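The values are calculated or read from the model by the stated rules, or taken from the named source; none is laboratory data. Just so it is clear, the model here is predicted, and its values are computed rather than measured. All Cβ positions, glycine included, derive from the backbone under ideal geometry; neighbour counts span all protein chains shown. Protein only, heavy atoms only, side chains kept; ligands, DNA and RNA dropped before computing areas. Shrake-Rupley method; radii C 1.70, N 1.55, O 1.52, S 1.80 Å.
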Amino acid sequence: MRSFTSRQTPVVVLAGLTREAQEPVEASLAFTLPDSALARFELDVMGQTITRVVSDATGILERETVPLDHACLSCALRHEIVPTLARLSEAGRWASLVLSLPPAAHTSALTAALPPMLERRPLLTMGAVVAALDGSRLLDDLCGDDLLRERDDQRHAGDIRAVGEVLVDLLGAADLLVLDGAADDVARALVDEVRAPGAVLVPECTELTAGQLLTPGTAPSSYDAPQPAFLPARVDEDGVTDCTSPLAEETGVWTVMLDSWRAFHPQRLMDSIESLGGHSYIGRGTFWLPTHPDSVALWAGSGGQLSIGTAEHRPVRGPRTHLVITGCDERRDQVLHDLDAALMTDAELAAGLARWVGRDDGFGPWLGARSASA
């Protein structure tokens, strides 16, 4: 038996919306990485447990269900997933490990939290993050309005996240995107627009290579400003830009980006919320309002559902409005107009922020109490 204890063991992360999408990729990885072990995890939110199944080319090696104080990905990482990976690497039996996440896991949160955890384990290192996609349902998953709990009551009971929200998060965090099943041209173009810059589209899981899988990727963390995968040579440094790639243009898919130091005018933004967030658009980014100058507001939309909240981290360069919106209808010009019109004008900004103190901006339910420092 070969021993691999003298070197670090790469951890390849596999994520997907469903276990059915992940299983073919798991099988393919077993052939591509024959000296690997697969550690698959399933979270039971209602039962507050996590189930671990470890296998390799010889078959299933262990299966165990353990209780968790709180059945969330963060607790699972600390108390079960990383300790399991460390234990497997210390055994010295495998050249690499495949971590198969629970379906619909918050992938960007994991890609931000896992690398520093692995750095504290001398025998572990990060490999690529792989997204297993169901090509036959891709368009409905990205643009539909289903909630996770409507798809699978047992696995996602009480989970009110939109399917599109989870999928967009996965696309933005993965290094390798594997399409399983027939995806039409529009779905492929949407994925190509939403993926992280540098992420690689793999048509079939059998086309994955060991070199791709064992090399750490460059997908951004959830705290980085989203960027279109395609950017034209010249981008307006302050304003709205059409960033649609030529290939997406052929399918009717488009992407626009707003990047500005200006705040949104609260009333004009509220008036355009339905136009910007009420359609089957994929929108992500941050913005700020003169009534909340100390807050970074998060924008996440898909399938006609829009989530607005407050980010935990403030940008070093100061408040900024940065939104990327992708769609596949005929309203691109309207979106460009609405984004530009919602920004505050020079005259409004010159009047100062003090005049906004005490004014009701209508965003209290999403952003909390108005800032007294405005």
Only one residue in LEU208, LEU179 is at pLDDT 90 or above, in contact with a Leu (Cβ under 8 Å, 6 or more places away or on another chain) and open to solvent by less than 30 Å² (accessible area, probe 1.4 Å). Which one? LEU208
Does any residue of the range 284-301 turn out to be in contact with a helix residue (DSSP H, G or I) (Cβ under 7 Å, 6 or more places away or on another chain), hydroxyl-bearing (Ser, Thr, Tyr) and in contact (Cβ under 8 Å) with a residue 60 or more places away in the chain? yes
When the range 289-305 is examined, which residues are found to be open to solvent by less than 30 Å² (accessible area, probe 1.4 Å), in a strand (DSSP E or B) and either touching an Asp or Glu at 6+ places or on another chain (Cβ under 9 Å) or within 12 Å of VAL324 (Cβ to Cβ) (or both)? LEU289, HIS292, VAL296, TRP299, GLY301, SER302
So, in the range 337-351, exactly how many residues are assigned to a helix (DSSP H, G or I) and surrounded by fewer than 20 Cβ atoms within 10 Å (Cβ to Cβ)? 8
For the structure I just gave you, tell me whether ARG40 is closer than 20 Å to ARG19 by Cβ, assigned to a strand (DSSP E or B), among the charged types (D, E, K, R) and touching a residue at least 40 places away in the same chain (Cβ under 8 Å). yes
Looking only at helices (runs of 4 or more DSSP H) that fall completely inside the range 48-155, which ones have 3 or more residues that are open to solvent by less than 50 Å² (accessible area, probe 1.4 Å) and touching a residue at least 40 places away in the same chain (Cβ under 8 Å)? 82-91, 107-119, 138-143
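Pull up the range 247-286, narrow it to residues that are assigned to a loop (DSSP other than H, G, I, E, B) and over 22 Å from ASP346 (Cβ atoms), then point me to the one that is modelled with the lowest pLDDT.
GLY278
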Would you confirm whether or not the range 215-223 contains a residue that is surrounded by 24 or more Cβ atoms within 10 Å (Cβ to Cβ) and modelled with pLDDT of 90 or more? no
Taking ILE308 and the conditions (1) in contact with a Gly (Cβ under 6 Å, 6 or more places away or on another chain); (2) aliphatic (A, V, I, L, M); (3) surrounded by fewer than 20 Cβ atoms within 10 Å (Cβ to Cβ), which numbered condition does it fall short on, given that it satisfies the others? (1)
